[in-house]
Each structure stands twice: as C-alpha cells, then as structure tokens.
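Down below is the structure, laid out as structure tokens.
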Amino acid sequence: MKNPRNSYGEKLIELGKKHSNLVVLDADLSKSTKTIMFAKKYPERFFEMGIAEANMISTAAGLASCGKIVFASTFAVFATGRVYDQIRMDVAYSQANVKIFATHGGISVGKDGASHQMIEDIALMRVLPNMTVLAPSDATQTAKIVELMAENYGPMYARVGRANVPIIYEKEYMESIELGKGIIVEDGADITIISCGTMVDPVIDAQKRLKKQGIQARIIDMHTIKPLDKNLVIKCAKETGAIITAEEHSIIGGLGSAVAETLAEENFSVKFRRMGIKDVFCESGDPKDLLEKYGLNEKHIIKNTKELV
Amino acid sequence: MKNYDENTINKLELTAVKIRKHIVEMLYGAESGHPGGSLSAVDAIVALYFAHMNHNPKKPNDQNRDRFILSKGHAAPALYGSLAESGYFSVNELKNLRNINCLLQGHPVCLYTPGIEASTGSLGHGLSFANGVALAGRLDKKEYKVYVMMGDGETDEGQIWEAAASASHYKLDNITAFIDRNFLQIDGNTEEVMRLESIRDRWNSFGWNVIEINGHDMVQILDALYEADNHKKTPSIIILDTIKGKGVSFMENNIDFHGVPPNEMEYNLAMEELDTLQKKLEASN
C-alpha cells in the first residue's frame, strides 16, 4: 500500500533537483497534497498562495510565461470548478506550461461530504481545448505521470484520490508508461473493463473473482483520459465485444463519455455500460460504505460485468 | 521627479493622438469593440511603450524585457495601436481587428500576437498573472519591471483582491499597477453599480504604495512611473484619474460608448476632432 500523494511529493523533490526551473504552488493544503515535501526542500521555489485558488492559477500562468514548469496543487474540487475561468483563460487558451495536480478526487474522500467529493473535474478539464487529463491509479504510476507532466510541455490536469492504494505496478514497469497510451493490465476475451484512477484497483480484484467463475475480463488502465487512446478502445471493442467503463466520477463527461463518444463515432455497436456516479451529489460517510451505496466497488463491478457479458 | 523636455512630452502626446485615431478607425472598421475604455487608458500605455519600458519590438520574447499586462482586455485597441506603432507588427494589421483569420483578436491573446504577454478579456486575472511574472523575475534575479492595467470597474472582481494581498505579501516591488479610474462601467457610474471608494484607502490597507495622478497628463504619468519604480518593499499602484472616451468630445463620459463602435457620422466627426488636435500639437512642436 502506498499513497499516490506521497508519491507526488517525493517525485516533486526529485524533479526539483533535475529541473531548476520547476516551481510549486499550493493553496493552504500543502500538508494534504504533499507539496510540503517540496516546500521544505526548495523553499525559494515554493509559493504558498493561501486560500485563494483563482489567484494561484493565474499566478502559475504568469510564472509559466517566464519559462517555469509550474505545478499547482489543491483538492480536486478547488482545483477545477472553483477556478474554471482562470484555467480556461490563463492556462488552456494560453497553452501555459502549468500542471494542475489535484488530490482528494472522487467520493472516497468520504466523511467531508459532497462539498469535497469532486465528481465533475475530469469532465470540466476534458472539455478545455489544449488540456491533457490524467488520472493515475497507484503510487508507482503517479510518480511516472508526474515526471511525464514535468517533462512534456503544455497544460495538464491530473487527479488522484485521498486514500492509500495497493501497489499495482512494480517499479520496473514505470518506463513503459506513456501519456495517451492505455495499459492492458490483464488480458481477456469476454469483456473489457476500462477504468482509471482509484477504480483500477477494485477492477483488478473483481477480475480475479470473475476469472474463477469463468469470465475472462480484459482490464485497461486508462490513466490518460485526454487525449484518449482511441485505438486501444476500438481494439478492445473488436476483440471482446463488450465494454464497461469504471471511474470515481460522474458518468457524464468523464472516461465513460469519452469511450462512448469514440465507440459511437467509429460505428461500433458493442454492449456498453458506464459505471460512475449517476448524476447525483453523494453524501458523508465511510468511503467503503459510499462506494457500496453508489455502486463503485468490486461487488458492483462483478455484477455489472455478469449482466453485460 | 525627473525633468522631461517639452519635445519629448509633445512627441508622446502626438503618439497618443495617433493611437486614438487608430482606435477610432479600428473600431469603426470592426463594427464592434470598446472605444470608451480604450481612449481613457491610452495615455498611460503610450507613456510605457514610447518612453518608459525597456522593450524591443524585434525581440518580443527577450527574457529581460519589461512586461505590460492589459488586464482590462477590452481596451485591446489601445494596446494594439501602441504595439503596431512600436513595430511589433505592421500598422496595416490594425484594420483587420476582430476579423476572421487575423492577428488581432477582439481581446488580447498571447499566442496570436507578438508583444501580448497574457490572454485577457475575462476580467480580474491580470494582476495575478503579473504576480507570477514578478515572482519569476525575482527568482531569476532579473531587473525587469511588470506593469499591469486594470479598469476601475474591473476591481469589483474578487480575484483582484486575492492578487492585491498576494503581491503585498510577497513584497513585489517590481510590480506597478494602474487603475484606469474613469468612474464608468457598463451599467453606469462605478459608485452606483458597486461602490469602489475609497480606492486609495483600499489599496493602502492592502499594503500598496498608492499614487494618484491625472491619467491624461504625460508629465504626471512619467513622474508617477519613476516614483513607482524607485519605491521599494511594496508594490505600487497608480490611480489614473481619467475620462472615459477621452479625446472625442461626444464619447467623453458617455457610457453608451463603452462597447459600441462609432457609426459613419460619428467616425467622421471623431477623426475630425483628433485631426485638429494633432495639428495643434504639431504646430506647438
């Protein structure tokens, strides 16, 4: 088990050493987002912006205009919806080299309630021209994604959850991770489950159980939601004939929508289902209970898969 | 205080008239745009580009350049006119303002136009962006200055005050902001729409060095810039007492010309007035 947030903090330090033009901003949540690790190591390149996210994003763009690689972090809910206009104008429209790294995405934030459970961020960022949208699944992948964000030019958004996640990828696997390329985690011929971020782990657990019951599910870790790996989606549709998407996000506008758009435009009529938050605000509660109630755990993945196969 | 010879001031005033004519022509040609706020802001912009800033039109991305950020992006014609006359692009481009496949968008875009630092048009962002540029300058030990122009109505935006606090907190004395204090915004007088006074007290209380001047007086503008540049430890703001629509009699203090271009008759009348002013200035040279 490792928290992707820690992975982010550690990677920032490493990248900070490598790139003297890398700077980090946070909006009074550095202890939670783990940017505090960078702040301690490189205090002169860390800017505490206080509880003023709009100012943080536009300031990030100003720094980027002077050749800085800028990481700006806060919770997903404040990193996107609250500052949509700043991201739109100063980051996306201006093609600024700003990397918005958001933590606490999705409903598994838990007890803070729907005010803090961001389920629209991927949709909001996906719709912006020039924006790359990422949702890494475990600590190893997060480290690699953060590195790729720093070392590829352009506006990018990444979100991770709050909780610890079992290690899915061994370190040596890191080098094969590329932006815009989905990962086939497990092969299978009966159905494809395409998931991202916090949902990849329960999908893997579900796949193991399904296997014992004779269902061969292929698992795709679609860490890059935009640009979407359309070729992989089409390949899976052709080869398995059924697709489920799973994300800790609204079923509207996120990974599920992106996959559906691809399939529809390629005239692919496959059995298809989106798992995600079904156009409701959720509530306070233990993450486990929330994921059960809102249909996003291993049990629900198994149920949906069986219904669709 | 610095002494400027009369010739320098006269030249700047002539340039300002020339750019006022560009503004009127551009907006007449584009059949849309914002005359009022362009005409009120133009004198300070001219002072920056033609006398005060360290910049080179041939090297728009020079790392040591002073930066100007037009936070009130709707005054783009004033900036475009100044950039064209400075040599960032051809004066001929001005007639294509707001046309399809054209360099000059309705509001400034950094990707499209040489010399544009920030994409603006949605109000309230520019000062934050300037803060980022100023922080980068400090990190890189660069001497450059960052200038940013806000509208008075624009400071209704909450983000301005986040940025004001931030610039003060980080002691960004390499920033000089302007407020184009023309007292008018779309829905009417700024004090009736959303009271701003006392602007001086507000910025003072945020820790800024506040300078108030006549925003159409070149000597006062240059003196204020000199004072602001030499003020240390806190950012400076120059409150420009201006007249919306300045230079065209029937546009002055007339909110109907905030976002409406002149018709043919108004265009001819405006150009006539500006021509007369230009001749007067040329005669006194």
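Every number here is computed from the coordinates shown, using simple stated rules; none is lab data. Keep in mind it's a predicted model, so treat the numbers as computed, not measured. In this analysis, Cβ positions are derived from the backbone assuming ideal geometry, glycine residues included, and neighbour counts consider all displayed protein chains.
Compared with the dominant Cα axis of chain A, that is its longest principal axis, helix A:4-18 is turned about 50°.
What is chain A by shape, rounded, prolate or oblate, if you read a ≥ b ≥ c off the alpha carbon gyration tensor as root eigenvalues and call it rounded for a/c under 1.5, prolate for a/b larger than b/c, and oblate otherwise? Prolate shape, in that a/c is at least 1.5 and a/b is the bigger ratio.
If a spin label sat at a point 7 angstrom from the Cα of B:Asp140 along the line to its beta carbon, the backbone N atoms of the stretch B:60-89 nearer than 17 Å would be those of B:60-69. The residues A:Cys66, A:Cys196, B:Cys102, A:Cys236, when put in order of fewest to most other Cβ atoms within 10 Å, stand as B:Cys102, A:Cys66, A:Cys236, A:Cys196.
Highest mobility in the GNM of chain A, judged by mean-square fluctuation with C-alpha springs under 10 Å and restricted to A:Met275, A:Met156, A:Met49, is found for A:Met49. Rounded to the nearest 0.05, what FRET efficiency do B:Ser198 and B:Asp256 give with R0 = 41 Å and r taken as the Cβ-Cβ distance? Could you check? In this case the efficiency is close to 0.90.
Of all beta bridges DSSP finds with both residues in the stretch A:180-308, what is the antiparallel percent, to the nearest 5?
15
Within the listed set B:Asn263, B:Asn131, B:Asn101, the Gaussian network model of chain B (springs between alpha-carbon atoms below 10 Å) gives the highest mean-square fluctuation for B:Asn101.
Let me know the charge dipole size of the stretch A:52-118 about its Cα centre in debye, to the nearest 20, where only the beta-carbon of Lys, Arg (+1) and Asp, Glu (-1) is charged.
In debye, rounded to 20, the stretch A:52-118 gives about 120.
With contacts taken as Cα pairs under 8 Å at a separation of at least 6 residues, chain B carries a relative contact order of 25 percent. With a cut-off of 12 Å between beta carbons, the residues surrounding A:Lys299 carry a summed charge of +2, where Lys and Arg count +1 and Asp and Glu -1.
Out of all DSSP beta bridges in chain A, what portion is antiparallel? Express it as a percent rounded to 5.
Here the antiparallel bridges make up roughly 15 percent for chain A.
Taking every C-alpha pair closer than 8 Å and separated by at least 6 residues, the mean separation divided by the residue count of the stretch A:1-129 gives a relative contact order of 22 percent.
Between the helical axis of B:218-230 and the longest alpha-carbon principal axis of chain B there is an angle of about 20 degrees.
Each part reduced to its alpha carbon centroid, the stretch B:11-71 and the stretch A:1-54 end up 39 Å apart.
Can you classify the stretch A:180-308 as rounded, prolate or oblate using the Cα gyration tensor, where a ≥ b ≥ c are the square roots of its eigenvalues, rounded means a/c under 1.5, and otherwise it's prolate if a/b beats b/c and oblate if not? Cα axes put the stretch A:180-308 in the oblate bin. Among B:Ser168, B:Ser71, B:Ser40, the residue with the largest mean-square fluctuation in a Gaussian network model of chain B, with springs joining Cα atoms closer than 10 Å, is B:Ser168. Using 0.36 nm per residue and subtracting the Cα-Cα separation, the extra length available between A:Asn231 and A:Asn152 on full extension is 26.3 nm. Summary value for chain A: 17 percent relative contact order, contacts being C-alpha pairs under 8 angstrom separated by 6+ residues.
Tell me whether the stretch B:140-285 comes out rounded, prolate or oblate; compute the Cα gyration tensor, take square roots of the eigenvalues as a ≥ b ≥ c, and use a/c under 1.5 as the rounded threshold.
Oblate.
Residues B:Arg20, B:Arg65, arranged from fewest to most other Cβ atoms within 10 angstrom of their Cβ, appear as B:Arg65, B:Arg20. Size descriptors for the protein assembly as shown: radius of gyration and Dmax over Cα atoms are 27.3, 96 Å.
Counted over the protein assembly as shown, the DSSP beta bridges are approximately 10% antiparallel. Each of A:Ile122, A:Ile184 was scored by other Cβ atoms within 10 Å of its Cβ. Listed from fewest to most, they are A:Ile184, A:Ile122. Using only Cα atoms, tell me the angle between helix A:200-212 and the longest principal axis of chain A; keep it within 0 to 90° and round to the nearest 10. Roughly 20 degrees between the two axes.
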